[in-house]
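A short worksheet on the structure shown next.
The values are calculated or read from the model by the stated rules, or taken from the named source; none is laboratory data. Just so we're clear, the structure is a prediction, and the values are computed from it rather than from any experiment. A quick note on method: Cβ atoms are made from the backbone with ideal geometry, for glycine too, and the neighbour counts reach across all protein chains shown. Please note that ligands, DNA and RNA were not included when accessible areas were found on the heavy atoms of the full protein model with its side chains. Shrake-Rupley method; radii C 1.70, N 1.55, O 1.52, S 1.80 Å.
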Amino acid sequence: MEFVIKISQFLLSLSLLIVLHELGHFIPAKAFKTRVEKFYLFFDVKFSLFKKKIGETVYGIGWLPLGGYVKISGMIDESMDTEAMKEAPKPWEFRSKPAWQRLIIMLGGVTVNFVLAIIIYIGMSYFYGDMFLPNNNIKDGLVIESPVLKQEGFQTGDRILAVDGENIETFSEIPEKVLFGKEVLVERNNEQLTISMPQDFLSQLMDSKEKGLIDLRQPFVIVQVPDTSHNATSGLKKGDIIVGINDFKTRYADQVKQALDEFKGQQVTASILRDDAEFSTSLSISNEGKLGLVYAPASTPETLEALGYYEYDVRKYGFFESFPVGLNKAKDRLTSYWGQLKAIFTPSTGAYKGVGGFKAIYDIFPNFWSWQAFWSITAFLSIMLAVLNLLPIPALDGGHVMFLLYEMISGRKPGDKFMEYAQMVGFFILIALVLFANGNDIYKAIFD
């Protein structure tokens with residue numbers, strides 16, 4: 001069932017983005033009286049799952065879910081219909097239209113993607129508001145999970161105050177800024193120190209067998225006491241929180257793990273919090289430092305607030321207030337993704353090792369249905385699709401835009417033969433990028 005939920009969200013989001021992107025090309029093409037021969041969701045290699053001709057356009061659904069396309073008459077695109085290009089230009093063809101009209105047609109897709117992301121962020125701001133954890137409310141620091149970060153000098157309990165001179169306002173900012181930062185200001189034991197990040201930090205992180213980065217310190221919440229556990233008769237039950245072992249206070253799960261390592265192979269007295277009341281029970285710790293219990297972090301911010309661990313802020317926005325908030329969110333996501341893209345195309349950072357394909361996108365979606373998560377992911381993917389399509393690769397919209405701008409500035413139109421060769425080169429580059437990204441997914445699935 002979890003697979004069905006994830007794949008449903010993935011396909012729905014992908015279909016929505018593809019259809020709207022292609023509609024961004026379709027509408028101005030029709031407005032400028034340019035013939036659109038096909039409008040397809042997914043690729044129809046050899047055959048279609050569905051197709052119907054309405055007027056001069058065939059609308060259809062292909063079987064290969066790697067994207068979609070509109071085929072515009074008189075345009076050199078991925079179809080490589082060179083025979084049609086040998087004929088004299090027709091008035092309804094793309095190549096017969098003024099350069100400014102062709103530019104609008106080519107920019108239509110990415111424009112729709114950017115507008116869609118802004119609309120989603122505005123709508124989410126209005127309907128959901130914002131719940132966030134101010135950095136100042138993280139009193140006992142963070143848990144450092146990555147061995148690579150530990151190697152660079154980070155420790156569990158550190159409070160991260162700033163990255164590259166920019167103060168951290170909320171917890172959600174921390175992981176990404178640390179990933180791409182150069183200087184991290186940390187508070188430890190009431191003293192401040194600066195940790196310099198190596199240029200190949202991302203490369204080290206990708207090569208590390210142990211995953212995880214930075215997270216909130218959470219209580220040790222018991223979710224199951226197996227019948228086969230050596231502590232099955234301890235009286236513990238689901239929802240209990242271990243807050244002490246012998247004289248060792250264990251407010252957080254990382255402290256419980258430290259205590260288990262210290263008292264391995266011993267019988268200990270554990271302090272347990274249940275329904276706001278505390279009691280003691282005897283527990284046995286195995287020689288491997290295990291309790292034989294299943295535990296998990298607290299599931300929601302509301303739970304953490306109720307337990308007194310963190311205090312979240314909630315902001316609600318009126319209809320008109322949501323507009324600037326949504327615009328700022330879209331701008332921040334765009335800036336963030338552009339920074340990630342720059343790191344990916346800088347080989348020394350090693351960020352290219354983290355590039356993923358369709359499985360990586362699929363993995364972003366939660367294994368439960370959440371409209372809030374769905375729209376948030378879809379908005380980010382819309383920005384990602386727009387930015388990637390603007391790359392100056394001939395097979396992408398950005399490649400066509402690049403040649404159109406050259407034509408408008410120089411007054412000289414690139415020859416059809418040149419455009420055919422450029423399209424072929426761009427197509428092979430694009431295939432190579434797709435193979436690399438999805439190859440990374442396969443490699444991680446096998447070796448990670």
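Taking first residues from region 350-378 that are within 19 Å of Leu205 (Cα to Cα) and partners that are open to solvent by 70 Å² or more (accessible area, probe 1.4 Å) and at pLDDT 80 or above, the Cβ contacts under 9 Å between residues at least 6 apart in sequence or on separate chains come to Gly350/Gln199; Ala351/Phe180; Ala351/Lys342; Ala351/Phe345; Tyr352/Phe345; Gly356/Asp363. Residues that are under 37 Å from the mean Cα position of the chain (by Cα) and either of a type in the set (A, V, I, L, M) or exposed (fewer than 14 other Cβ atoms within 10 Å of the Cβ) (or both) within region 258-274 comprise Ala259, Leu260, Asp261, Leu273, listed in sequence order.
Going through (1) part of a strand (DSSP E or B); (2) over 29 Å from Phe365 (Cβ atoms) one by one, Ser48 falls short only on (2).
Residue-wise test of (1) assigned to a helix (DSSP H, G or I); (2) modelled with pLDDT of 85 or more; (3) open to solvent by 30 Å² or more (accessible area, probe 1.4 Å).
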| position | (1), (2), (3) |
| --- | --- |
| Leu405 | yes, yes, yes |
| Arg412 | no, yes, yes |
| Lys417 | yes, no, yes |
| Gln423 | yes, no, no |
| Phe427 | yes, no, yes |
| Ile431 | yes, no, yes |
| Asn438 | yes, no, yes |
| Tyr443 | yes, no, yes |
| Ile446 | yes, no, yes |
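Each row is one residue, and each column tells you yes or no for (1) out of contact with any strand residue (DSSP E or B) (no Cβ under 6 Å at 6 or more places or on another chain); (2) basic (Lys, Arg).
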site	(1), (2)
His21	yes, no
His25	no, no
Arg35	yes, yes
Leu41	no, no
Val45	no, no
Thr57	no, no
Gly68	no, no
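Each residue in region 290-329 was checked for being open to solvent by 70 Å² or more (accessible area, probe 1.4 Å), under 30 Å from Ile272 (Cβ atoms) and assigned to a strand (DSSP E or B), and 1 of them qualify.
Reported count of residues in region 172-229, each being open to solvent by 30 Å² or more (accessible area, probe 1.4 Å), in a helix (DSSP H, G or I) and aliphatic (A, V, I, L, M), is 2. Do we have any residue at all in region 99-118 that's open to solvent by less than 60 Å² (accessible area, probe 1.4 Å), small (Gly, Ala, Ser) and in contact with an Asp or Glu (Cβ under 8 Å, 6 or more places away or on another chain)? Yes: region 99-118 contains one or more residues that are open to solvent by less than 60 Å² (accessible area, probe 1.4 Å), small (Gly, Ala, Ser) and in contact with an Asp or Glu (Cβ under 8 Å, 6 or more places away or on another chain). Could you go through region 261-279 and let me know if any residue there is at positive phi and of a type outside the set (Gly, Ala, Ser). Among the residues of region 261-279, at least one is at positive phi and of a type outside the set (Gly, Ala, Ser), which makes the answer yes. Tell me, please, whether a residue that is under 16 Å from Tyr128 (Cα atoms), modelled with pLDDT of 90 or more and open to solvent by 80 Å² or more (accessible area, probe 1.4 Å) can be found in region 330-347. No, region 330-347 contains no residue that is under 16 Å from Tyr128 (Cα atoms), modelled with pLDDT of 90 or more and open to solvent by 80 Å² or more (accessible area, probe 1.4 Å). Is at least one residue of region 94-104 over 22 Å from Tyr69 (Cβ atoms), free of Cβ contacts under 8 Å to residues at least 24 places away in the same chain and not aromatic (Phe, Trp, Tyr)? Taking every residue of region 94-104 in turn, at least one turns out to be over 22 Å from Tyr69 (Cβ atoms), free of Cβ contacts under 8 Å to residues at least 24 places away in the same chain and not aromatic (Phe, Trp, Tyr).
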